[in-house]
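Reading through the structure tokens given below for one structure.
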There are 8 protein chains.
Amino acid sequence: MAMEIDQIDLKILKMVQENARISLNQISEKLKIPKSTIAYRLKKMEQSGLIRGYHAQIDFSKLDIDYVVISLIKAKYGPNYHDDLGSKLAKLPQVWGVYYLLGEWDFVVMAKFRNREKFMAEFLEKVMSIPEVERSNTQIVAKVIKEDPYEVKF
Amino acid sequence: MAMEIDQIDLKILKMVQENARISLNQISEKLKIPKSTIAYRLKKMEQSGLIRGYHAQIDFSKLDIDYVVISLIKAKYGPNYHDDLGSKLAKLPQVWGVYYLLGEWDFVVMAKFRNREKFMAEFLEKVMSIPEVERSNTQIVAKVIKEDPYEVKF
Amino acid sequence: MAMEIDQIDLKILKMVQENARISLNQISEKLKIPKSTIAYRLKKMEQSGLIRGYHAQIDFSKLDIDYVVISLIKAKYGPNYHDDLGSKLAKLPQVWGVYYLLGEWDFVVMAKFRNREKFMAEFLEKVMSIPEVERSNTQIVAKVIKEDPYEVKF
Amino acid sequence: MAMEIDQIDLKILKMVQENARISLNQISEKLKIPKSTIAYRLKKMEQSGLIRGYHAQIDFSKLDIDYVVISLIKAKYGPNYHDDLGSKLAKLPQVWGVYYLLGEWDFVVMAKFRNREKFMAEFLEKVMSIPEVERSNTQIVAKVIKEDPYEVKF
Amino acid sequence: MAMEIDQIDLKILKMVQENARISLNQISEKLKIPKSTIAYRLKKMEQSGLIRGYHAQIDFSKLDIDYVVISLIKAKYGPNYHDDLGSKLAKLPQVWGVYYLLGEWDFVVMAKFRNREKFMAEFLEKVMSIPEVERSNTQIVAKVIKEDPYEVKF
Amino acid sequence: MAMEIDQIDLKILKMVQENARISLNQISEKLKIPKSTIAYRLKKMEQSGLIRGYHAQIDFSKLDIDYVVISLIKAKYGPNYHDDLGSKLAKLPQVWGVYYLLGEWDFVVMAKFRNREKFMAEFLEKVMSIPEVERSNTQIVAKVIKEDPYEVKF
Amino acid sequence: MAMEIDQIDLKILKMVQENARISLNQISEKLKIPKSTIAYRLKKMEQSGLIRGYHAQIDFSKLDIDYVVISLIKAKYGPNYHDDLGSKLAKLPQVWGVYYLLGEWDFVVMAKFRNREKFMAEFLEKVMSIPEVERSNTQIVAKVIKEDPYEVKF
Amino acid sequence: MAMEIDQIDLKILKMVQENARISLNQISEKLKIPKSTIAYRLKKMEQSGLIRGYHAQIDFSKLDIDYVVISLIKAKYGPNYHDDLGSKLAKLPQVWGVYYLLGEWDFVVMAKFRNREKFMAEFLEKVMSIPEVERSNTQIVAKVIKEDPYEVKF
């Protein structure tokens, strides 16, 4: 369910989405709205969970973390198996995305590792030991053409 | 290839990764390093492309953008078809992730839309008209369990 | 096995198939047959099970019931598993069609829900807890192009 | 988008959904509402398209129409191919359901025929000659366990 | 459509199905029916096509013809493509069975060859040059556990 | 391993393969070889198992046995499971062919039934209760284009 | 077809299979056969093609060539397409194995590269430009557990 | 991790890769380096494991070992199952290659046998009795177009 937000909130949101290090002064000047109002509205959007944080976007390949995988997971069937498995997958190291699907595969897991050895020790062996997992299928990403989650428009 | 960065760079990087709105003062205090050094090092990391930007992380479901899809794309075969198709997919509206794979499917595309009608008009119909596309297969995400690309450790 | 029905029965049947609210008078006039005969023959077709009822055809999307799914179910193998599973699936809420197949999937289930949350709580979680189910694969219908089960000709 | 309907409309709707041959008198008595109001409201629901018709539900197997198929259709890719193909499939004889999907297959087609010969001549050969069709895959239904589209609750 | 045959025809048929070299005398004695009647009835069943011939059942592996294959064929789509392809497949050397299916594959072809080289030269290369063929998938039979088409009961 | 047979044996074999009701006189005349030699050689080929029998080839569709299926069976894994399962499948009623494969499916089973009900009661329910079966997938044959096992050349 | 070789040839063959740098003296001593005979027999086996060469077995991962792939290739259908494609694949750099199959995929290609970039430039882009290729599917080997082609016993 | 080797090592390595029976004299002459240096460097490369041996490359089809298979193995999931299974597969007779993958199948196994009977007794029955195996899928190689693992360049 969407919270109530107005056009001014949306304008502020777009500014911090585009550049999280923008200062209150800069926003205030652009929107002709007092700094205290900006601060208050940002706080409100943070408290409601609409803004979940502010983060530097890092090019991990420049840190030699370029073993990028997309792993498909099939769960065994049983009461609460899927909820339990979803939580366990989300807690694995270097896993940044877990999506629950309804089709041939139950979960898509996105993760990044320094190399194959790290991937196998930190991820694959752990996945294979989770009892709710029936099967995994991991695709190595040959090239990350785009990864800009902040670019979604609203 | 990784650029040369030292332990202090990494510490600064982790701080802005965790909270992009942290002030130079705060970093300076924590690391006992002058503000000007912090500023200089951040600038260097930005210029090298290691830091690609600073962004608010938004819970799009709170903005009623909760038609989340993972679309698999198969390309036709021909010289440069894959490069061309990758670029075209990355330019489609609301597409925030495009991954090039080597297996059964050629591309995984991540995108978010306000509803099914938007998805069909803005994405699916366009995909179907790209001549390099042989076939697409779109999975509707039932639940985003985790989506924190900023959480990858280094 | 087909019951014995004649050309007049078929004519009456077609009329009520096309418009279930047609009156005995109207049928009587069109066919030049006494009302009592029409009534008797309709009763006979109802009793034999040839006519299973008369129903308004509703456009459920106008009632905001537009999360339409086609779910494929694979059963575990064992004595009577398929019969038992077929019955259980037919009793799930909002399920209006259950078809038993012989190929890769054992059952095709047709159902309609108000939204994804209802679908997951009322259908998916229940399916996952049925012990005879080995696996399900649910497709979200993007568009109901035609759904007129009453239009089959005879 | 849902039209505006109130609790009384819904009650009337449920009655004609359950039994389309119910008389205005019967509805009037049960709901303690004048017949003219019932008639007016039914008319309004018919005109808005919420009620699409009233039909006898026929057990087609009793008319020896028991070659029931579920056919999956894959379309070729091109501008408007899917819209064109959807319309063509909906017009084929004995086809009562056409659903547009987003995954491995593009259309699910439901149809009923008197026997295999009719199916092949009236359906399969025609499907194979539609230029937008890339491939079809037809499953013969071994048993219709449930087919009660009027049973969807609201 | 079945021809009209009586219990005596069926008894004779079973005898020649079991042993095609049985003499008219032997049948006559067992059934207590004159030889001429037997001869007449056999002739009638041959003329109607119910009896298509009498053949020795050979164990081809004893003739070193033990490269047994089951080949799945997918046809391209177009008017009459399937009929044309079915005929062409039936005429290939050493092909003794061609079955037309409605699912993922269009034809199942049964054939036997002296060895892999013969299979590739006499069958595979020819299949690959038939323009209506989209794809073939050949399975080598590891063991013929049973092959007694004459054993079907009636 | 092939038994030792000469050109004359092969000539006789071809004659009885083509027409199992040919008399010894006819063979003798054509080959200019005494009847007793023919009889002796036939006996030898029967005893060695090269000739497994002589049978009328029946057009079962003319006996209303036209529910023709090709069933794919996947076995569970365990010691001797495949041998046991192969034997069990070969003993099911109306099953005339059982082939053991090495790929995605373990067995291809060919069978013919009077109708769907017979198929489900006599075959499918039995297959589902065999403990070594992991999964079956049955294709209904739309048309038997060719079924002439005696036509294999040698 | 096998050439004629005797037990002494086989003994010599096994020795050079196990250690290709064994001297004629060593073989001569072990087998109590004159050096000239050994030399003569080796020459004969080389000329017949039975011995195709003598090679050091290298651990390529120690040379940083550890991007090991198994690539599946599907060919388009047409006269000689498969032969042509097989030859083209065998000539690609770093490809050491090409196997022609009869099932879902036409070719299995084994190759080793220094890294992903080399793989994509030297192999994948070339494969995608071969007109006879319909589709490729490349699996990255996570671990070479065994690769000892010389260990096949005879 | 690569050991330290220089250009001279690489030149020597290429010579023994191409012809393992080349004498120290021949290498010495070509490279203008003393024999003792060659011997010392070869020894060092052998001890480090870079050179794993020297072997005659045999054309096994000339020894009638031409039942060549590529077998795909799926493992059950559990702690250490994959490591255990990999070792067991590598020890099976006539298996010369075992590759661990991350996708649909877990292992690719390369092996060669004298004939189908040997394959079934020595390999398939053993694979089916390994408890960690969930499923195997064996492809018979129709033609080995290239198999020169020694040809990989460095």
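Filter segment F:120-139 down to the residues that are among the aliphatic types (A, V, I, L, M) and crowded, with 22+ Cβ neighbours inside 10 Å and list them by number.
The answer is F:Val133, and nothing else.
Does H:Ser28 count as touching a Ser or Thr at 6+ places or on another chain (Cβ under 7 Å) and more than 10 Å from chain G (Cβ to nearest Cβ)?
no
Mind listing whichever residues of segment H:22-46 are surrounded by fewer than 16 Cβ atoms within 10 Å (Cβ to Cβ), in a helix (DSSP H, G or I) and among the polar types (S, T, N, Q)?
Passing the criteria: H:Asn25, H:Gln26, H:Ser36, H:Thr37.
Restricting attention to segment C:86-106, which residues are within 14 Å of chain F (Cβ to nearest Cβ) and more than 14 Å from the chain's Cα centre (by Cα)?
Of everything in segment C:86-106, those that are within 14 Å of chain F (Cβ to nearest Cβ) and more than 14 Å from the chain's Cα centre (by Cα) turn out to be C:Gly86, C:Leu101, C:Leu102, C:Gly103, C:Glu104, C:Trp105, C:Asp106.
Please tell me if B:Arg52 is closer than 30 Å to B:Phe119 by Cα, in contact with a helix residue (DSSP H, G or I) (Cβ under 9 Å, 6 or more places away or on another chain) and at pLDDT 95 or above.
Spelling it out, B:Arg52 is indeed closer than 30 Å to B:Phe119 by Cα, in contact with a helix residue (DSSP H, G or I) (Cβ under 9 Å, 6 or more places away or on another chain) and at pLDDT 95 or above.
Mind telling me which of the residues E:Glu147, E:Glu117, E:Glu134, E:Glu151 ends up being touching a strand residue (DSSP E or B) at 6+ places or on another chain (Cβ under 6 Å), more than 19 Å from F:Lys146 (Cα to Cα) and not basic (Lys, Arg)?
Selected residue: E:Glu134, the only one of E:Glu147, E:Glu117, E:Glu134, E:Glu151 that is touching a strand residue (DSSP E or B) at 6+ places or on another chain (Cβ under 6 Å), more than 19 Å from F:Lys146 (Cα to Cα) and not basic (Lys, Arg).
Among the residues of segment D:119-143 satisfying the criterion of being touching a Pro at 6+ places or on another chain (Cβ under 9 Å) and among the charged types (D, E, K, R), which is farthest from B:Lys74 (Cα to Cα)?
For segment D:119-143, the residue satisfying everything is D:Glu122.
Got a sec? Which of F:Phe123, F:Phe119, F:Phe60 is touching a Phe, Trp or Tyr at 6+ places or on another chain (Cβ under 6 Å), of a type in the set (Phe, Trp, Tyr) and modelled with pLDDT of 95 or more?
Unique residue meeting the criteria: F:Phe119.
Has segment H:47-67 got any residue that is away from every other protein chain (no Cβ under 11 Å), in a helix (DSSP H, G or I) and of a type outside the set (Asp, Glu)?
Scanning segment H:47-67, I find at least one residue that is away from every other protein chain (no Cβ under 11 Å), in a helix (DSSP H, G or I) and of a type outside the set (Asp, Glu), so the answer is yes.
Taking only pairs six or more apart or across chains, which ones have beta-carbon atoms under 7 Å, a first residue in segment B:101-120 that is without any contact (Cβ under 8 Å) to a residue 24 or more places away in the chain, and a second residue that is part of a loop (DSSP other than H, G, I, E, B) and not polar (S, T, N, Q)?
Qualifying pairs under 7 Å: B:Leu101/A:Val141; B:Leu101/A:Ala142; B:Leu102/A:Ala142; B:Gly103/H:Gly103; B:Met120/C:Ala142.
Where in segment A:72-154 are there helices (runs of 4 or more DSSP H), lying fully within it, with 2 or more residues that are touching a Gly at 6+ places or on another chain (Cβ under 8 Å) and over 28 Å from A:Gln17 (Cα atoms)?
A:125-129
Residue by residue, here is whether (1) under 30 Å from H:Lys153 (Cα atoms); (2) out of contact with any strand residue (DSSP E or B) (no Cβ under 8 Å at 6 or more places or on another chain); (3) not aliphatic (A, V, I, L, M) holds:
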residue	(1), (2), (3)
G:Asp6	no, yes, yes
G:Lys14	yes, yes, yes
G:Ala20	yes, no, no
G:Lys30	no, yes, yes
G:Ser36	no, yes, yes
G:Arg41	no, yes, yes
G:Tyr54	yes, no, yes
G:Phe60	yes, no, yes
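Surrounded by fewer than 16 Cβ atoms within 10 Å (Cβ to Cβ), modelled with pLDDT of 95 or more and farther than 30 Å from G:Asp106 by Cβ: does that describe H:Glu4?
Considered against the rule, which asks whether it is surrounded by fewer than 16 Cβ atoms within 10 Å (Cβ to Cβ), modelled with pLDDT of 95 or more and farther than 30 Å from G:Asp106 by Cβ, H:Glu4 comes out as no.
Going by what's in this entry, would A:Asn80 be described as touching a Phe, Trp or Tyr at 6+ places or on another chain (Cβ under 7 Å) and polar (S, T, N, Q)?
No, not satisfied.
Report, by residue number, each residue of segment F:21-50 that is over 29 Å from the mean Cα position of the chain (by Cα) and among the acidic types (Asp, Glu).
F:Glu29
Can you tell me which residue in segment E:121-130 is farthest from the other protein chains (Cβ to nearest Cβ), limited to those that are over 13 Å from E:Gln94 (Cβ atoms) and free of Cβ contacts under 8 Å to residues at least 24 places away in the same chain?
Looking at residues that are over 13 Å from E:Gln94 (Cβ atoms) and free of Cβ contacts under 8 Å to residues at least 24 places away in the same chain, I get E:Glu125.
B:Leu101 versus (1) within 26 Å of D:Leu101 (Cα to Cα); (2) at pLDDT below 95: which is the lone unmet condition?
The failed condition is (2).
For segment C:70-81, enumerate the residues that are in contact with a Ser or Thr (Cβ under 7 Å, 6 or more places away or on another chain) and surrounded by 22 or more Cβ atoms within 10 Å (Cβ to Cβ).
The answer is C:Ser71, C:Ile73.
Can you tell me which residues in segment G:107-119 are at the interface with another protein chain (Cβ under 7 Å from one of its Cβ atoms) and buried (at least 20 other Cβ atoms within 10 Å of the Cβ)?
G:Val108, G:Lys112
Which ones in segment G:131-146 are in contact (Cβ under 8 Å) with a residue 60 or more places away in the chain and either of a type in the set (Gly, Ala, Ser) or farther than 12 Å from G:Phe107 by Cα (or both)?
Scanning segment G:131-146 gives G:Ser136, G:Gln139, G:Ile140, G:Val141, G:Val144.
Give me the pairs: first residue in segment E:61-78 and within 14 Å of D:Asn137 (Cα to Cα), second residue assigned to a strand (DSSP E or B) and of a type in the set (Ser, Thr, Tyr), beta-carbon distance under 9 Å, and six or more apart or on different chains, which are they?
E:Ile73/E:Ser136; E:Lys74/E:Ser136; E:Tyr77/D:Ser136
The values are calculated or read from the model by the stated rules, or taken from the named source; none is laboratory data. Just so we're clear, the structure is a prediction, and the values are computed from it rather than from any experiment. All Cβ positions, glycine included, derive from the backbone under ideal geometry; neighbour counts span all protein chains shown.
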